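Taking it in order: structure first as structure tokens, then the write-up.
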Amino acid sequence: SRCLQAVWCGRHPAGGPSPLWKVTIMPDTTTANGKRRPLVMGNWKMNGRLARNEALLTELKAGLASGFDAIDVAVCPPAPYLGQASKLVAGSAITYGAQNLSTEQDGAYTGEVSSGMLTDLGVKWVLVGHSERRSLYGETDETVAKKTQVALEAGLIPVVCIGETLEERKTGDTEVVLARQLDAVLPVLGSQPASAFVLAYEPVWAIGTGLTATPEQAQEVHRFLRDRLASSGYAQAQEARILYGGSVKAANAGELFAQPDVDGGLVGGASLVANEFIGIAKGAVASLGA
Ligand code: 13P
């Protein structure tokens, strides 16, 4: 069941020939055998240089050229390199996303990047509310909800990141924190088809630490999130994709993705190493056979 999404683009400021509506065919989130289609996404964070990006994307393009039709693969380079990425992945199945977007449209917002700029560059996905944005740049649940809405309005697919800190896990507050973070975006996501957004569970204590959640820990939280989506009245909870993030690497991807409610990964450090990222994508393909 493919879904058509119409996005109001407004009038071109200079009266130029811009379309008033952009109609997008939303990708299906389910595979032929009824499983959710895995998504493996690399978050490069603030890493990259022209030469390095070219080498990495060239290797990924070659390594992912065949055998990966059943999954979605994406990279999220820093904003200045999105144009470069668009050229380098052209003709491949690799898509690309941004790591952040502004709550505002064009205007006097020095240093910000708007949703319109991202769609102009052919960007498909955008990370929203990554824990580093929340902890280092003061993004609140309200900011995250607003950015999610702005992304959806532009036809971008927000990858909404949520996760508890080690302190919160230790005090037994994991579900309280995740419920609060999820509930903040539910009013925005609730009216959307499952193909319009992605959730990413990233326990803060597992990010960049080498400490991965065990497959059981990940599954427990993913199930909790899907149940909460469903109990909130969201009709497509079974189709919504929930990624796991936090020290995912080729060696642990298979067992994480084999969990019934883990629909792929959001990968930091290992996404900068071609063989690691390709190995993680293989884990996602293998999970479909499991
Ligand atoms: P690492 O894979 O480096 O732990 O980072 C996870 C992450 O934050 C992805 O968004």
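Among 230-242, 73-85, sorting by the average number of other beta carbon atoms lying within 10 angstrom of each residue, highest first, gives 73-85, 230-242.
Counting only heavy atoms of the protein chains, get the accessible area per residue of the chain (1.4 Å probe) and round it to a whole Å² value. Averaged over the residues of the chain, the accessible area is 45 Å². Each peptide in 262-273, 187-198 gets a packing score, the mean of other Cβ atoms within 10 Å over its residues, and the list from highest to lowest is 262-273, 187-198. Label-to-label distance, ASP141 versus LEU50, with points set 7 angstrom from Cα along the beta-carbon direction: 4.5 nm. Counted residue by residue at 0.36 nm each, then reduced by the alpha carbon distance between them, the extension gain from SER92 to VAL176 reaches 26.1 nm.
Peptide packing: for 120-127, 105-112, the average count of neighbouring Cβ atoms within 10 Å per residue gives the ranking 120-127, 105-112, highest mean first.
Annotation: amide H of GLY265 within the under-5 Å range of LEU39, VAL40, MET41, TYR244, sequence separation 5 or more or interchain, hydrogens built in the peptide plane.
Put simply, the amide H of VAL126, placed in the peptide plane, has neighbours under 5 Å in ALA98, ILE157, VAL159, leaving out anything fewer than 5 places away on its chain. Taken over the chain, the alpha-carbon convex hull comes to 130 cubic angstrom per residue. With a Cα cut-off of under 21 Å and a minimum spacing of 8 residues unless on different chains, the lysine pairs in the chain number 16. Restricting attention to the chain, close to 20% of DSSP beta bridges with both partner residues there are antiparallel.
List every DSSP H helix in the chain whose Cα atoms extend 18 Å or more along the helix's own long axis and whose mean Kyte-Doolittle hydropathy is at least 0.0. Counting only whole DSSP H runs, the qualifying helices are 50-63, 174-189, 274-289.
Counting only DSSP H runs of at least 4 residues, each contributing -39500 (n - 2.57), and dividing by the residue count of the chain, the helix-based mean residue ellipticity at 222 nm comes to -11500 deg cm²/dmol. Comparing LEU166, LEU64, LEU136 in a Gaussian network model of the chain, where Cα atoms under 10 Å apart are tied by springs, the biggest mean-square fluctuation is seen for LEU136.
Positive end of the dipole of the chain (Cβ unit charges, origin at the Cα centre): among THR143, ALA51, ALA270, the Cα lying farthest that way belongs to ALA51.
Counting alpha carbon pairs within less than 8 Å and at least 6 residues apart, what relative contact order, in whole percent, applies to the range 213-290? In percent, rounded to a whole number, it is 31.
For the range 159-290, the convex hull spanned by the alpha carbon atoms encloses 99 Å³ per residue. For the chain, averaging the sequence separation of C-alpha pairs within contact (under 8 Å, six or more residues apart) and dividing by the residue count gives a relative contact order of 19 percent. Using a probe of 1.4 angstrom, how much of the accessible area of the range 156-272 is carbon and sulfur, in percent? Carbon plus sulfur share of accessible area: 52 percent.
Sequence-distant contacts, meaning Cα pairs under 8 Å at least 6 residues apart, place the relative contact order of the range 85-235 at 20 percent.
The values are calculated or read from the model by the stated rules, or taken from the named source; none is laboratory data. Quick caveat, the model's predicted, so the values are computed rather than measured. Counting neighbours? That spans all protein chains shown, and the Cβs are built from the backbone with ideal geometry, glycine included. For accessibility, only protein heavy atoms count, side chains too; no ligands or nucleic acids. Shrake-Rupley method; radii C 1.70, N 1.55, O 1.52, S 1.80 Å.
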